[in-house]
Amino acid sequence: MDLRRVTKIFGDRSDMALAMLNSGASKMEVQQKTGQVVGLNDVSLSVERGEIFVVMGLSGSGKSTLIRHVNRLIDPTSGEVLVNGHDVLKMSLDELRAYRRSEVAMVFQNFGLLPHRTVIDNVAYGLEVRGAEKGERLETAARWIETVGLGGYEKSRPHELSGGQQQRVGLARALAMDTGILLMDEAFSALDPLIRSGMQEQLLDLQNKLHKTIFFITHDFNEAIKIGDRIAVLNDGELVQTGTPEDIIFNPADSYVSDFVRDVNRARVIRVGAIMDRNQLAPCQAEVQENSSCEDVLPLFARHDWIGVVNDKGKRVGSVSAKQVIGALGAHHKLLD
Amino acid sequence: MFPEIIDTRPLRRMVDDGLEWMVRHWGDGFEAGAYPLRVLLNSTERFLLDLPWWLIILLLAGTAFAATRRWVLPAIIVVSLLGLGLMELWEDAIKTMALMISATLTTMVFALPLGVAMARSAVLRRLLRPVLDLMQTLPSFVYLIPVVMIFGPGKVPALIATIIYAAPPLIRLTDLGIRLVPPDVMEAAQAFGVTPRQKLFGVQIPLALPTILAGVNQATMMALAMVVIASMIGAGGLGYQVLQGIGRLEVSRGLFAGLGIVVLAIIFDRITQSFGQRLQERIGLAGERS
Ligand SMILES: Nc1ncnc2c1ncn2[C@@H]1O[C@H](COP(=O)(O)OP(=O)(O)OP(=O)(O)O)[C@@H](O)[C@H]1O
Ligand SMILES: [Mg+2]
């Protein structure tokens, strides 16, 4: 999935605003002079097949605007959107419908449930639109309702559920489509911390089995690093950094990103594999996996000076010392010094 | 005196002659076009008159109970309809009811598709709005003139005038209801790749239904309001009794027939309103629109 130089300007004089942007004016200037709102400014990103790509940013940074370009709920003012080799913007209405029915499913930030339908009919909605036979779609829907933990609510109507429950209905509705691409706009934001963490793990489990391409939006950095293979940070309609969670934690591109990073529980995020000494292969009494977090190894330093690190096949790949761990946990970003 | 600047007599004669010409040449066509209406009205009236009186009372009370789930309205219905019967107004009441029901049904057939089309096309909305405004501000008498010219006095022209009078609010509210469907719901449907038909019948109409029902309620009430006026061109029923009461200065006749119209208005107003409310509660919009 590729978004190339996507710019979105809201307003009826968007061509004029676009020309100004292209001739080098800043977003603020354009907005003040033309009264048009620049939603996205020259955003390019590419999402690999089978990865969880997280877009993060503060409220109003353009995340929802960005994700809507993937299934063309929004047409960009300029730029290209390529998915699975086809150009989404060149699709005819029929092609676009077929694409939405079979290749992308979306979870909405504000749920978008059909208020006149029961929970199970909501979850089965996408399948119904696609033309699935009734028994089959109800069975699939019932299974996903169970998976998101709403068993027993099949016959309720959306307005009888809490916000978090409604959000899970939206989630089940998208998952039931079983599409290769899943668009999730703050799909967990209305859940309480416990359920939220449970859903995050469930998503990761699911991903291990199904290998979907997931485009995930959040304003919560902890969520981003927990589930993201890669993270893109959006600020005021512009992409400021794209990289793995470690890239972003260790080398935040600017103060906007480091403000996010500051609130992170580094001990839980930084994996020993990323900070270990690869040359220290002397035998150790204790060993941990290289994807263990610093939090996991800290207690071991009460007894040992060095701890061995092994990869997932059990092969010894390095060692960490208390000094390295503490150094990594305390590391301040260069901008903050 | 306002000075006579130009002679308007030819203009007036032209309008009169034009209408006369239309009646002479197209009169049969109009008659044929109105034939289904005549059949609808006559068979509705026949059907209702053939039903035993107690069955009609039972049916209306039962519907009222289904709509409100309480006994108040059914009780009022039973008492007031019995009263109508005792006052020897039963047959007139049925005739009025038949006219109102036929008018409402026909209005729905025309107004619903028009309202839907209006919600989907900005151009059509811009064209229809002033027409509807005009239709709603014209005094209802005005409708009678051309209709009577074309069809002569009788029940069918009364029905046609009633339909034209009752249609605007239903068209408007259908349009409004469809445009009020929350944009996030529409967007979600869009994201699943709905066809325009799936969107209309699966999302827009079900969500607009409470508003559409409010339109049906208004159409019913306007049809009833038109009944007295329509009786002047031969609609018969309670309106005719009111008219006669006025003509003969028989206060009692006019008063009781008038009360009969009020009774019918209350019955149909309450029933359609309660159905709308229950529908709204079901989709959880209660309180948001009232
Ligand atoms: N239809 C629209 N018309 C005009 N401006 C819009 C429209 N949609 C979004 N915007 C503007 O674009 C900007 C980005 O909005 P967007 O909804 O993408 O933010 P977001 O990052 O998803 O925020 P949140 O975290 O609050 O959901 C905002 O300034 C908003 O005002
Ligand atoms: Mg958003």
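The values are calculated or read from the model by the stated rules, or taken from the named source; none is laboratory data. This is a predicted model, so every value here is computed, not measured. Cβ atoms come from the backbone with ideal geometry, glycine included; neighbour counts cover every protein chain shown. Just so you know, the surface numbers come from the protein's heavy atoms only, side chains and all, with ligands and any DNA or RNA stripped out. Shrake-Rupley method; radii C 1.70, N 1.55, O 1.52, S 1.80 Å.
Grab the other residues whose beta carbon is less than 15 angstrom from that of B:Q136, score K and R as +1, D and E as -1, and report the net.
Details: positive: B:R129, B:R172; negative: B:D133, B:D175.
Overall, the nearby charge balance is 0.
Once you list every other residue whose beta carbon is under 14 Å from the beta carbon of B:M118, what net charge do they have if Lys and Arg are +1 and Asp and Glu are -1?
+4
First check a/c for chain A, with a ≥ b ≥ c the square roots of the eigenvalues of its C-alpha gyration tensor; if it is under 1.5, answer rounded, and if not, answer prolate when a/b is larger than b/c or oblate otherwise.
On the way: a/c = 2.17, a/b = 1.29, b/c = 1.68.
Oblate, since a/c reaches 1.5 and b/c is not below a/b.
Taking every DSSP beta bridge with both residues inside the protein assembly as shown, roughly what % is antiparallel (nearest 5)? Don't jump to the answer; show the numbers that get you there.
Details: 24 of 46 bridges.
Among the beta bridges of the protein assembly as shown, antiparallel pairing accounts for roughly 50 percent.
If R0 is 56 Å, what FRET efficiency do you get for A:R303 and A:D42 from their C-beta distance, rounded to 0.05? Show your work: numbers first, answer last.
On the way: r = 54 Å, r/R0 = 0.96.
In this case the efficiency is close to 0.55.
Give me the distance between the Cα centres of region A:246-294 and region B:96-164, rounded to whole Å.
Using only Cα atoms, the two centres lie 75 Å from each other.
Rounded to the nearest Å, what's the spacing between the alpha carbon centres of region A:121-175 and region A:1-43? Just the number, please.
39 Å
With N denoting the number of residues in region B:10-289, provide Rg(C-alpha) divided by 2.2 N^0.38 Å, to two decimal places.
Normalised by 2.2 N^0.38 Å, the Cα Rg of region B:10-289 equals 1.12.
Under a crude label model (7 Å from the Cα following the beta-carbon direction), how far is A:N311 from A:E146 in nanometres?
3.9 nm
Classify region A:206-337: rounded, prolate or oblate, from the alpha-carbon gyration tensor (a ≥ b ≥ c, eigenvalue square roots; a/c under 1.5 rounded; otherwise prolate if a/b is larger than b/c)?
Oblate shape, in that a/c is at least 1.5 and b/c is the bigger or equal ratio.
Report the net charge of residues surrounding A:E186, where surrounding means a beta-carbon distance below 10 angstrom and charges are Lys +1, Arg +1, Asp -1, Glu -1. Walk me through the numbers on the way to the answer.
Numbers: positive: A:K63; negative: A:D185, A:D220, A:E223.
The answer is -2.
Treat each spin label as a single point 7 Å out from the Cα along the C-beta direction, and report the B:W21 to A:R4 distance in nm.
Taking the simple label geometry, B:W21 and A:R4 are separated by 6.6 nm.
Within region B:215-290, list the trypsin sites (Lys or Arg not before Pro) lying in a DSSP loop whose Cβ has at most 16 other Cβ atoms in a 10 Å radius.
Here the sparse-neighbourhood loop sites are B:R248.
Using the basic label-point model (7 angstrom from Cα toward the beta carbon), what is the B:L82 to B:Q244 distance in nanometres?
2.6 nm
Sequence gap at least 6, Cα distance under 8 Å: using those rules, report the relative contact order of chain A to the nearest whole percent.
17 percent
Sorted by accessible area with a 1.4 angstrom probe, largest first, how do A:D15, B:D28 fall?
B:D28, A:D15
Return the inverse of the average 1/r over all pairs of distinct C-alpha atoms in the protein assembly as shown, which is the Kirkwood hydrodynamic radius, in Å to one decimal.
The answer is 30.3 Å.
Among B:L73, A:L210, what's the order by accessible area (1.4 angstrom probe), most exposed first?
Correct descending sequence by accessible area is A:L210, B:L73.
What are the lysines whose alpha-carbon lies under 29 Å from the alpha-carbon of A:K323, with same-chain residues fewer than 8 places away excluded?
Partners found: A:K226, A:K313, A:K315, A:K334.
I need the shape label for region B:93-136. Rule: rounded when a/c is under 1.5, else prolate if a/b > b/c, else oblate, with a, b, c from the alpha carbon gyration tensor. Provide the component values of the computation, followed by the final result.
Numbers: a/c = 6.32, a/b = 2.26, b/c = 2.79.
Since a/c reaches 1.5 but b/c is at least a/b, the shape of region B:93-136 is classed as oblate.
Just read off the accessible area of B:H25 with the full protein assembly in place, 1.4 Å probe, to the nearest 10 Å².
110 Å²
At a probe of 1.4 Å, how much accessible area disappears from chains A and B on forming the pair, both sides counted, to the nearest 100 Å²?
In total, chains A and B hide about 1900 Å² from solvent.
Using R₀ = 22 Å, calculate the FRET efficiency as 1/(1 + (r/R₀)^6) where r is the Cβ-Cβ separation of A:S78 and A:R49; round to 0.05.
Working: r = 26 Å, r/R0 = 1.18.
The calculated FRET efficiency here is 0.25.
Looking only at B:G33, B:G236, B:G215, which one moves most when chain B is put into a Gaussian network model with springs between Cα atoms under 10 Å?
Result: B:G33 has the largest fluctuation of those listed.
Filter the DSSP H helices in chain B by two things, a Kyte-Doolittle mean of at least 1.6 and an axial alpha-carbon span of 20 angstrom or more, and list the hits by number.
Working: long enough: B:9-50 (52 Å, -0.37); B:53-68 (23 Å, 1.91); B:72-86 (21 Å, 2.61); B:90-120 (44 Å, 1.03); B:122-137 (23 Å, 0.52); B:155-179 (36 Å, 0.99); B:205-230 (35 Å, 1.76); B:251-282 (46 Å, 0.57).
Helices passing the filter in chain B: B:53-68, B:72-86, B:205-230.
How big is the antiparallel share of DSSP beta bridges in chain A, given as a percent to the nearest 5?
Just about 55 percent of them are antiparallel.
Just tell me how shielded B:119-131 is by partners: mean number of partner chain Cβ atoms within 10 Å of each residue's Cβ, no decimals.
0
Out of residues 5 or more away from A:L234 or on other chains, whose amide H comes under 5 Å of its own, with H placed 1.01 Å from N in the peptide plane?
A:M56, A:G57, A:V240
Over the whole of A:104-115, what's the average partner chain Cβ count within 10 Å per residue? Rounded to a whole number, please.
Counting other chains' Cβ atoms within 10 Å and averaging over A:104-115 gives 5.
Could you tell me the center-to-center distance, by alpha carbons, between region A:83-107 and region B:192-266 in angstrom?
48 Å
Kindly work out what percent of the DSSP beta bridges joining two residues of region A:268-336 are antiparallel, to the nearest 5.
Of those bridges, close to 70 percent are antiparallel.
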